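A.B. asks: Have a look at this one.
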Amino acid sequence: MKNDARRRSGPKGRRVDPRARHEIAVLLGAAPRRRDLLIEHLHRIQDRYGRLSAAHLAALAEAMRLSQTEVYEVATFYHHFDVLRDGEAAPPALTVRVCDSLSCALAGSEALLEKLPGTLGKDVRVLRAPCVGRCESAPVAVVGQNPVRNASATSIEKAIKAGLTRCAVDPYLDFDAYRKKGGYKLIADCLAGKRTREEITKIMEDSALRGMGGAGFPAGRKWRIVAAEPAPRLLAVNIDEGEPGTFKDRWYLERDPHRFLEGMLVAAWCAGVGEIYIYLRDEYAGCRAILGNEIRKLKRRPPCALPPIHLRRGAGAYICGEESAMIESIEGKRGMPRLRPPYVAQVGLFGYPTLEHNLETVYWVREIVEKGAAWFAAQGRNGRKGLRSFSVSGRVKKPGMHLAPAGITAKELIAEYCGGMLDGHQFYGYLPGGASGGILPASLGDVPLDFDTLQPHGGLIGSAAVVVLSDRDRAADAARNLMRFFRDESCGQCTPCRAGTAKAHALMEAKHWNQSLLGELSQAMMDASICGLGQAAPNPALTVMKYFPQEVG
């Protein structure tokens, strides 16, 4: 280096703007600057300023003692963070997100997306959004954080003019009402020594309750596995139900949140868990308000000793429904699935053994214990056991969350719970388990809907999101919509999924599908993808080629 060369007056990289440093300091206040709170702090900035500027990201990195690269890569991973590059104009103050997933597409969301920009003008940003978890009210648009059900251009305009940009909360069973109905007696009895861990765990095993998030692993057995691991142990509750067609967890949270919370506490006690993390998808602003309020009430007037309970906010990433990706997100990282083994029950959140559960699974705990394992096991139909919460949408008269016997068939579900098909529509096909569950024809409408019954036909029950198609729909169009969703939601970590979903979608855009190549590509994705997204993404295409060959040439 020449002697007269200028020396740097500070470290390489972006300098922190003093004003941004002050704004971040004021915004964070006394909040801890721990690494696992990075996403929470990014939400604070976005909520306050409507965007994430480069200056604020640099100041946040300094405050949290992280590299700017770490902060930037996390901020840009999630859909709901608006990261501004240098010189880039800030987005309009108001954003309207229109769901374009299958149920909303069937209800006319594409026409709505075409019309809204011209109707709302330049002061409102209109974006496509993946499933927002309100499929029973399709099409759905979210004005700010306010979901507009059965949306039209007129209803969206009215919401904007009225300033309705926050999610309203309907009446629900709050802490006091839940206590009056015997709430929290079960967990209090457990901690008082009136019930034993072995007794409760055995009840769950005998009930045949399985994980309701999609995998279907027996709940009681999972408790035993985690309890056998060395302490400390953690519990992570997954309420990131981003699967198109799924809204059951939201339905329960909006009505009886403490039944879920008590079941969660019982599960934690049985597995010897010392700390609990609840991961809630960002689309559920109303549920976040409910849970925040009710957890505060629970902590102020605890019916018994409580473990630490943390409510964490997702940021718009379907992949975080996968258990290890959710754990990465809780730790403040990009939601990228981990390679297994080790499994999360052994090495999970923060490296500790972790019990991971879906909301609905623990929601059933209190009722099963009170009514007995035999009661729950006897509820099934067609040789199956238990109850299932079916999220039903599409061409039926009564879409919604329908609690029905496990093993009910699609035809029975439509006729007995959904009021039949819409007038003028004939049953043509259905998705038994959301986007990942494949598309089956009406001729298979007598197959019991449950774990293990659909695999021989190429389908999966998953989280029991049933989307009903009629003779006015094309299964190939539905499969194309689903593959686009998988392409957009792939985390990009592994090539089979990242490149495979994009290539599959391109092949499916053709009028006549190259079925040989699509089949070969699907097999590679199923064999080599790291997680369930890439492994299950081919299911819609494969089932359409098998059962609807007339549509794909």
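The values are calculated or read from the model by the stated rules, or taken from the named source; none is laboratory data. Predicted model, so just to flag it, every value in this text is computed and none were measured. A quick note on method: Cβ atoms are made from the backbone with ideal geometry, for glycine too, and the neighbour counts reach across all protein chains shown. Note: accessible area is taken over every heavy atom of the protein model, side chains too, but ligands, DNA and RNA are not part of it. Shrake-Rupley method; radii C 1.70, N 1.55, O 1.52, S 1.80 Å.
A.B. asks: Tell me whether region 1-155 comes out rounded, prolate or oblate; compute the Cα gyration tensor, take square roots of the eigenvalues as a ≥ b ≥ c, and use a/c under 1.5 as the rounded threshold. Don't jump to the answer; show the numbers that get you there.
C.D. replies: Working: a/c = 2.90, a/b = 2.29, b/c = 1.27.
It is prolate, given that a/c is not under 1.5 and a/b is the larger ratio.
A.B. asks: Relative to the present Cα-Cα distance, how much length would full extension add between Thr165 and Glu73 at 0.36 nm per residue of separation?
C.D. replies: 30.2 nm
A.B. asks: State which entries of Lys398/Lys546; Lys180/Lys297; Lys158/Lys248; Lys385/Lys411 exceed 25 angstrom in Cα-Cα distance in the structure shown.
C.D. replies: Those over the limit are Lys398/Lys546; Lys158/Lys248.
A.B. asks: What lysines sit close enough to Lys333 to cross-link, taking a C-alpha to C-alpha distance under 25 Å and skipping anything fewer than 8 places away on the same chain?
C.D. replies: Once the sequence-local lysines are set aside, what remains near Lys333 is Lys12.
A.B. asks: Which value, in Å to one decimal place, does the Kirkwood hydrodynamic radius take for region 72-157 when every pair of different Cα atoms is included? Write down the numbers at each step before the final one.
C.D. replies: Details: mean 1/r = 0.0739 Å⁻¹.
This gives a value of 13.5 Å.
A.B. asks: Related question: Any idea how far the Cα center of region 221-274 sits from the one of region 114-144, in Å?
C.D. replies: That distance is 32 Å.
A.B. asks: Also: Treat each spin label as a single point 7 Å out from the Cα along the C-beta direction, and report the Lys194 to Ala415 distance in nm.
C.D. replies: 4.6 nm
A.B. asks: Please work out the Cα center distance from region 62-113 to region 383-423, rounded to the nearest Å.
C.D. replies: 34 Å
A.B. asks: Label points 7 Å out from Cα along the Cβ direction at Ala528 and Arg14: separation in nm?
C.D. replies: A separation of 3.6 nm, rounded to one decimal place.
A.B. asks: With a 10 Å radius around each residue's Cβ, average the other Cβ atoms per peptide and rank 166-173, 32-39, 458-465, 532-539, highest first.
C.D. replies: Per-residue Cβ counts within 10 Å, averaged per peptide and sorted highest first, yield 458-465, 532-539, 32-39, 166-173.
A.B. asks: Any idea of the accessible area per residue across region 1-134, 1.4 Å probe, to the nearest Å²?
C.D. replies: It amounts to 57 Å² per residue over region 1-134.
A.B. asks: Which net charge results for the neighbourhood of Arg312, defined as the other residues with beta-carbon distances under 11 angstrom from its beta-carbon, given Lys and Arg at +1 and Asp and Glu at -1?
C.D. replies: -2
A.B. asks: Taking only DSSP H segments of four or more residues, each worth -39500 (n - 2.57), what value at 222 nm results for the chain once the sum is divided by all its residues, to the nearest 500 deg cm²/dmol?
C.D. replies: Per the formula, -12000 deg cm²/dmol.
A.B. asks: Among the aspartates and glutamates, which have Cα under 14 Å from the Cα of Lys185 when same-chain residues fewer than 8 positions away are ignored?
C.D. replies: Lys185 reaches Asp176, Glu262, Glu367, Glu370.
A.B. asks: Just the accessible area per residue of region 305-386, please: how many Å² with a 1.4 Å probe?
C.D. replies: Ligands and nucleic acids excluded, the result is 36 Å² per residue.
A.B. asks: Further, regarding this structure: To the nearest Å, what is the center-to-center distance of region 502-553 and region 452-491, using C-alpha atoms only?
C.D. replies: Here the answer is 12 Å between Cα centres.
A.B. asks: Where Lys and Arg each count +1 and Asp and Glu each count -1, what net charge lies around Arg35 among other residues with Cβ under 10 Å from its Cβ? Each step should come with its number before you reach the end.
C.D. replies: Values: positive: Arg33, Arg34, Arg65, Lys333; negative: Asp36, Glu70, Glu331.
After counting each charged neighbour, the total is +1.
A.B. asks: On to the next question. Could you give the dipole magnitude of the chain about its Cα centre, charging the beta-carbon of Lys and Arg +1 and that of Asp and Glu -1, in debye to the nearest 20?
C.D. replies: Details: 76 positive and 61 negative charges, 337 e Å.
So the magnitude is around 1620 debye.
A.B. asks: Of all the accessible heavy-atom surface of the chain, with the other protein chains kept in place and a 1.4 Å probe, what percent is carbon and sulfur?
C.D. replies: Carbon and sulfur: 51 percent of the exposed surface of the chain.
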